[in-house]
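K.L.:
Have a look at the structure that comes next, please.
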Amino acid sequence: MVAYVVKDTTAASLIPLIKANVNTDTRIMPDEWGAYNSLSKYYQHSRIKHKSGEYVRGIVHTNSIEGCWALLKRGYIGTYHKMTKKYLQMCR
């Protein structure tokens, strides 16, 4: 996993980072966040529709990334207690 501190979650902020860090032969499995709409131009992808109560469809799921965020949150709450933008970007 590669994570960045971003100023916002718009396509203009996210898509260049995704393209710079993810091979074009990678299959992406995003949720329905609008910023991901243009990913189909660059990658094979299948979307999970959380708003419709869908969390897994065959091999398509977002469990891996949800697990990564859970680890980050546990570290934040249980160990570090506070993370600033200045230092969070160094955790790569």
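K.L.:
Would you list which lysines come within 21 Å of K86, measuring only between C-alpha atoms, while excluding same-chain residues fewer than 8 positions from it?
P.N.:
By straight Cα distance, K86 reaches K7, K73.
K.L.:
OK, next. In terms of the ratio Rg/(2.2 N^0.38 Å) built on C-alpha atoms, what value belongs to the chain? Write down the numbers at each step before the final one.
P.N.:
Working: Rg = 14.6 Å, N = 92, 2.2 N^0.38 = 12.3 Å.
Rg over 2.2 N^0.38 Å, computed on Cα atoms: 1.19.
K.L.:
Right, next: Can you sort M83, M1, M29 by how many other beta carbons sit within 10 Å, fewest first? Each step should come with its number before you reach the end.
P.N.:
Values: M83 14, M1 11, M29 20.
Fewest-to-most ranking of M83, M1, M29: M1, M83, M29.
K.L.:
What size of dipole, in debye to the nearest 20, comes out for the chain about its Cα centre when the only charges are +1 on Lys and Arg C-beta atoms and -1 on Asp and Glu C-beta atoms?
P.N.:
On the way: 14 positive and 6 negative charges, 59 e Å.
About 280 debye.
K.L.:
Which loop GluC sites (Glu not before Pro) in segment 10-92, with loop taken from DSSP, have no more than 15 other Cβ atoms within 10 angstrom of their Cβ? Each step should come with its number before you reach the end.
P.N.:
On the way: sites: E32, E54, E66; in loops: E32, E54.
Loop-located and lightly packed - E32, E54.
K.L.:
Could I ask something else about it? Placing +1 on the Cβ of each Lys and Arg and -1 on the Cβ of each Asp and Glu in the chain, which of T79, V22, I65 has its Cα farthest towards the positive end of the resulting dipole?
P.N.:
Farthest towards the positive end: T79.
K.L.:
Work out, step by step, the length gained on full extension between H81 and I65: first 0.36 nm times the residue separation, then minus their alpha carbon distance; give nm to one decimal.
P.N.:
3.6 nm
Since every read-out is calculated from the coordinates, none of them should be taken as a lab result. Every value quoted in this text rests on a predicted model; they were computed, and no experiment measured them. In this analysis, Cβ positions are derived from the backbone assuming ideal geometry, glycine residues included, and neighbour counts consider all displayed protein chains.
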